[in-house]
Ligand code: SF4
């Protein structure tokens, strides 16, 4: 596929209005186009029946309807969780995870999209397949927005509602692709999604946490912690050697103070690695000092990995030691290859030697669902 011109997903409503004015069309056509493009019910400009046929052709010549094509889909949890493998113009593939929460008497239904921000990742966490890839390239803002639109397309076909929540917890370190990620947040807001329903996850890029706080976007922040002492975190998340826990903790507190939004801590439980009683005590102390909720995610098993989750009883005991700030999140996506990098790797038959943490990311979506003021 050759890459055409400008991408619809990367345009604000005002940008699109300008395109239509250039084409000699009234501005209201932009709203018509956006509504149909967001509804997920059309897959091209040609399918927009409310537009004149000539305009559909002009739009096709002028704009790329979507920057990513859906390559593969796997589902689990009776269809509530899906993973999409999307393909960019250059053939690179990216994963997106879709999670439906049907809701109930006390909760509204939600449709959460877990988007990737990079293809591969430069951070190189010990337990992560995406990290094994290295960084292949950053995604553009349009490619991030189009993951959400692809999710809307899938859900519309299934008779479900549109995306309501977005979490930046897929492949890549979102704050390592700072500009396009912030642009995507603003674009998604322009497309109709509130940043209040978005969560940005980071492995601990301290300067970018401060930058994000200064954007005055009411997104929530999730910190992929995985260890509460520097010795262990240096091994699990190599970025810790540059921004050790004391600096990360201070940045988290500044983010909370500046935005009024509490951060949450992600902690993948790995047997005989970070599940000792002293790890729980250190985690409890750190969470209390930052006033953060902790999402404990038992390691999601993957092939060729020597890292495994502790037994369920040990997970519960660990959570009890951390205290009331902790919740255990069992991965909904495990049966559908949910962990970050996992679907892509299985499609490409890439060898993997270590395990992934990003099942945690998926479960954080449920954290967001809870009434507790966690990040998600
Ligand atoms: S866990 Fe996240 S930050 Fe770490 S290597 Fe994987 S994708 Fe990158």
What is the number of the single condition among (1) farther than 28 Å from residue 127 by Cα; (2) under 15 Å from the mean Cα position of the chain (by Cα) that residue 159 does not meet? (2)
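Can you name the residue in region 211-241 that is within 13 Å of the ligand (Cβ to nearest atom) and part of a loop (DSSP other than H, G, I, E, B) and, of all such residues, is surrounded by the fewest Cβ atoms within 10 Å (Cβ to Cβ)? Even if it seems obvious, please write down each step before you answer.
Of all residues in region 211-241, those within 13 Å of the ligand (Cβ to nearest atom) come to 222-227, 233, 235-240.
Now restrict to residues that are part of a loop (DSSP other than H, G, I, E, B): 225-227, 237.
Numbers: 225: 30, 226: 28, 227: 23, 237: 25.
Applying the filter and picking the extreme gives 227.
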Can you name every residue in region 4-47 that is outside any helix (DSSP H, G or I), touching a residue at least 24 places away in the same chain (Cβ under 8 Å) and under 17 Å from residue 146 (Cβ atoms)? 4, 5, 6, 7, 11, 12, 40, 41, 43
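Among the candidates 74, 50, which residue alone is within 26 Å of the chain's Cα centre (by Cα) and not in a helix (DSSP H, G or I)?
Values: 50 fails: within 26 Å of the chain's Cα centre (by Cα).
That would be 74, the only listed residue that is within 26 Å of the chain's Cα centre (by Cα) and not in a helix (DSSP H, G or I).
Looking at region 83-193, what strands (runs of 3 or more DSSP E) fall wholly within it and have at least 1 residues that are over 28 Å from residue 241 (Cα atoms)? Let's see the steps before the verdict.
Details: elements: 93-101, 110-114, 118-120, 135-138, 165-168.
Per the criteria, 93-101, 110-114, 165-168.
Between 250, 314, which is at pLDDT 95 or above and over 18 Å from residue 204 (Cα atoms)?
Numbers: 250 fails: over 18 Å from residue 204 (Cα atoms).
Exactly one of 250, 314 is at pLDDT 95 or above and over 18 Å from residue 204 (Cα atoms), namely 314.
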Identify, from the list 126, 80, 85, 98, the residue that is touching a residue at least 40 places away in the same chain (Cβ under 8 Å) and either crowded, with 22+ Cβ neighbours inside 10 Å or not assigned by TED's automatic domain parsing to the domain that holds residue 241 (or both). 98
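I'm checking my understanding of the structure. Among residues of region 101-123 that are over 13 Å from residue 167 (Cα atoms) and either at pLDDT 90 or above or not assigned by TED's automatic domain parsing to the domain that holds residue 163 (or both), which one is farthest from the ligand (Cβ to nearest atom)? If you could, list the steps in order and put the result at the bottom.
In the first step, residues of region 101-123 are kept if they are over 13 Å from residue 167 (Cα atoms); the result is 101-109, 118-123.
Imposing the further condition that a residue be either at pLDDT 90 or above or not assigned by TED's automatic domain parsing to the domain that holds residue 163 (or both) reduces the set to 118-123.
Working: 118: 8, 119: 11, 120: 8, 121: 3, 122: 7, 123: 4 Å.
Within region 101-123, the match that is farthest from the ligand (Cβ to nearest atom) is 119.
Is there a residue being under 19 Å from residue 9 (Cα atoms), within 16 Å of the ligand (Cβ to nearest atom), surrounded by fewer than 24 Cβ atoms within 10 Å (Cβ to Cβ) and at pLDDT 95 or above anywhere in region 148-169?
no
The values are calculated or read from the model by the stated rules, or taken from the named source; none is laboratory data. All values reported here derive from a predicted model rather than from experimental measurement. Using ideal geometry, Cβ is built from the backbone for each residue, glycine included, and neighbour counts are taken over all protein chains shown.
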